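Quick notes on the structure that follows.
The values are calculated or read from the model by the stated rules, or taken from the named source; none is laboratory data. All values reported here derive from a predicted model rather than from experimental measurement. Reconstructed Cβ throughout: ideal geometry from the backbone, glycine too, with neighbour counts over all protein chains shown. Accessible surface is based on the protein model in full, side chains and every heavy atom, while ligands, DNA and RNA are left aside. Shrake-Rupley method; radii C 1.70, N 1.55, O 1.52, S 1.80 Å.
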Amino acid sequence: MLLKGKNRRSSLLANTTRIKCASSYWLLLFVRAEVSDTVDMSRPMYCDRLDIPLPDKPYRDVLTDAEESLKQKEKGPWSQLSREEKIALYRLSFCQTYAEMKKPTGEWKTVIGGIFFFVGFTGLVVWWQRIYVYPPRPRTFDPEWQAMQLQRMLDMRVNPIQGFSAKWDYEKGQWK
Amino acid sequence: MFRVAVRLSVSGVRGLTRPQPRCQAVLASRCYSHGKQETDEEFDARWITYFNKPDIDAWELRKGMNTLIGYDLVPEPKILEAALRACRRLNDLASAIRILEAVKDKAGPHKDIYPYLIQELRPALQELGISTPEELGIDKV
């Protein structure tokens, strides 16, 4: 009896493990279809940073023949390089210039626009709520009711010393 | 082996290049509590020696420049000249131009520092044939 039970438990466990393995396999397949190109982060990487002027590796590693010959020319006097060649050498080693790195992105427009959009959407939601969710307006807000309420408060002498009724002139029947 | 000690500078005025001579009184106000305090001249000399190493390699140049740019100061023209000469020994024009861009950025809102640096570096720039970013037109987007 005990053995049967133990066997049943272990076979149940095996089934669940098998199901888990199978589902994670399918999950991995699904995820693999979405994964982007991996970059080997154990090797030196290029970065454009204002505070790291000379990154760990040049931007362009694999050079065409023309670029190789330009690199050879770089070993000679630099005054013999033309303006375009100097710019080309710069672009081989670096992706963005400092000016390009510091260029304003205009991200603030997206932020402000997003704020306005969501505030506007919230406004629409509130408006819909006013129409479809709020209960009917209480009758205590009607002007006639408010007048009667005010008269009752004066009759009761609410806060007669320094507050409400103190400001009402009972002889003349008007506010002081 | 030459060891480069990485120091964090506390006072912001240190090594700031200006046409007038630096006031020694600034050093007295530094916030170190103990230990020998390195003068500006010693700091400059140390870095010039670093970049003047005849067989400096590309890694040391990169490490030195990245460290120097990490400090809260604009390097003296003497240090930059040594760095540019190191670029020449390494046949690396792109790094030389990058160094000039970096120090211009380091000056931040003080727009008069970079023209002073270029003015001081002009002989070396001409000798080595290095064009400034402005001459190449890469200082604008």
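Quick one: which helices (runs of 4 or more DSSP H) sit completely within the range A:77-176 and have at least 3 residues that are within 11 Å of chain B (Cβ to nearest Cβ), over 38 Å from the mean Cα position of the chain (by Cα) and surrounded by 10 or more Cβ atoms within 10 Å (Cβ to Cβ)?
A:83-93
Name the one entry in B:113, B:138, B:56 that is closer than 19 Å to residue A:97 by Cα and either of a type in the set (Val, Ile, Thr) or at pLDDT 95 or above (or both).
That would be B:138, the only listed residue that is closer than 19 Å to residue A:97 by Cα and either of a type in the set (Val, Ile, Thr) or at pLDDT 95 or above (or both).
Taking the range B:68-81 as the region of interest, how many residues are closer than 12 Å to residue B:128 by Cβ and free of Cβ contacts under 8 Å to residues at least 40 places away in the same chain?
Total meeting the criteria: 0.
Conditions first: (1) more than 12 Å from every other protein chain (Cβ to nearest Cβ); (2) modelled with pLDDT of 95 or more; (3) farther than 21 Å from residue A:87 by Cβ. Residue B:68 passes all but one, so which condition is the exception?
(1)
Which is in contact with a Phe, Trp or Tyr (Cβ under 9 Å, 6 or more places away or on another chain) and of a type in the set (Phe, Trp, Tyr), of B:50, B:116?
Only one candidate qualifies: B:50.
Return the residues of the range B:124-137 that are at the interface with chain A (Cβ under 10 Å from one of its Cβ atoms) and over 15 Å from residue A:77 (Cα atoms); say none if nothing qualifies.
Scanning the range B:124-137 gives B:133, B:135, B:136, B:137.
So, of the residues in the range A:43-66 that are facing chain B (nearest Cβ under 10 Å) and acidic (Asp, Glu), which turns out to be surrounded by the fewest Cβ atoms within 10 Å (Cβ to Cβ)?
It comes out as A:51.
When residue A:69 is evaluated against the numbered criteria (1) within 13 Å of chain B (Cβ to nearest Cβ); (2) of a type outside the set (Val, Ile, Thr); (3) open to solvent by less than 90 Å² (accessible area, probe 1.4 Å), which criterion, by number, is the only one it fails?
Condition (1) is where residue A:69 drops out.
Here's a check for you: in the range B:95-123, which residue that is within 14 Å of chain A (Cβ to nearest Cβ) and in a loop (DSSP other than H, G, I, E, B) is surrounded by the most Cβ atoms within 10 Å (Cβ to Cβ)?
The residue in question is B:108.
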